[in-house]
Amino acid sequence: MEIAPSLYLGDWIPRTDLEGPGQRAALFPAGCSLRCSGCCNPHLFTKKTQQLISVSEILQRVKSVSDIEGISILGGEPLEQAHALGEFLSSLRQETDLSVMLYTGYTMAEIKREEDKASVLEFVDVLVDGRYQEALKSSRRRYIGSDNQKLWLLTDRYMAKDFGGSNFTEFRLNKREFRILGYPIP
């Protein structure tokens, strides 16, 4: 009997418009060995046992959100869980028409050198690659944090003009918490 794949999921936002084009769900896999200086998600560097969630449960969460055009996968470092991420994205692609935007600290060249990481790309419409570099921090390119990072349009679902503008921050308040999401500017 094969064990269903699971993903360490540090956080998820059911609906946002700041992590990619249109309204999207945002998933934040936990665990990152890259640990870029100045990362805005250092709380996701370490995986915790209670964060391990089956791919099928994550898929159901995403499918329960209405009126979104896609999902964005940030981190942590999503490609450090490439097998489970690939399983999730394969199922997502089979069951929905949602677009996929993936953020990774690995460069395209590094991804292509490792088959498990490269196999994830067949399910990705937009890739933002490269380690965040605090010295190159910039808010001038929407959805991208530092000038060394590159935007890859891997399908024809989007055009470069869909990524115009500058970064911004989103504030959310609910009964339990106040959250600041997106690109923090001092």
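The values are calculated or read from the model by the stated rules, or taken from the named source; none is laboratory data. What you see is a predicted model; the values in this text were computed from it and never measured. Because the Cβ atoms are built from the backbone with ideal geometry, glycine has one as well, and the counts that use them run over all protein chains shown.
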Exercise. Within the range 104-142, work out how many residues are polar (S, T, N, Q), under 15 Å from Gly86 (Cα atoms) and either out of contact with any helix residue (DSSP H, G or I) (no Cβ under 7 Å at 6 or more places or on another chain) or crowded, with 20+ Cβ neighbours inside 10 Å (or both).
Key: 1
Exercise. Would you check which residues across the range 21-35 are out of contact with any strand residue (DSSP E or B) (no Cβ under 8 Å at 6 or more places or on another chain) and farther than 14 Å from Pro78 by Cβ and list them?
Key: Arg35
Quiz item: Failed condition for Thr46, given (1) among the polar types (S, T, N, Q); (2) at pLDDT 95 or above; (3) over 19 Å from Leu127 (Cα atoms), with all others met?
Solution: (2)
Quiz prompt | Among the candidates Gly76, Gly22, Gly38, residue that is surrounded by 20 or more Cβ atoms within 10 Å (Cβ to Cβ), at pLDDT below 95, part of a loop (DSSP other than H, G, I, E, B) and of a type in the set (Gly, Ala, Ser) | solution = Gly76
Self-check item: Filtered residue count, the range 1-53, keeping only those that are within 17 Å of Leu102 (Cβ to Cβ) and free of Cβ contacts under 8 Å to residues at least 40 places away in the same chain
Solution: 3
Quiz item: Gly86: under 23 Å from Phe163 (Cβ atoms) and of a type outside the set (Val, Ile, Thr), yes or no?
Solution: no
Exercise. Please work out which residue is surrounded by the fewest Cβ atoms within 10 Å (Cβ to Cβ), limiting yourself to the range 41-71 and to residues that are part of a strand (DSSP E or B) and in contact with a Leu (Cβ under 7 Å, 6 or more places away or on another chain).
Key: Ile53
Quiz prompt | Filter result (farther than 21 Å from Leu98 by Cβ and in a loop (DSSP other than H, G, I, E, B)) within the range 145-157 | solution = Gly145, Asp147, Asn148, Gln149
Practice problem: Those residues that are free of Cβ contacts under 8 Å to residues at least 40 places away in the same chain, in a loop (DSSP other than H, G, I, E, B) and under 25 Å from Ser90 (Cα atoms), I need them from the range 120-144; list them, please. | Solution: Val124, Gly130
Practice problem: Spot the failing condition for Leu102; the list is (1) in contact with a strand residue (DSSP E or B) (Cβ under 6 Å, 6 or more places away or on another chain); (2) part of a helix (DSSP H, G or I); (3) not aromatic (Phe, Trp, Tyr), and only one is missed. | Solution: (2)
Quiz item: Any residue in the range 12-35 that is farther than 21 Å from Glu110 by Cβ and of a type in the set (Val, Ile, Thr)?
Solution: yes
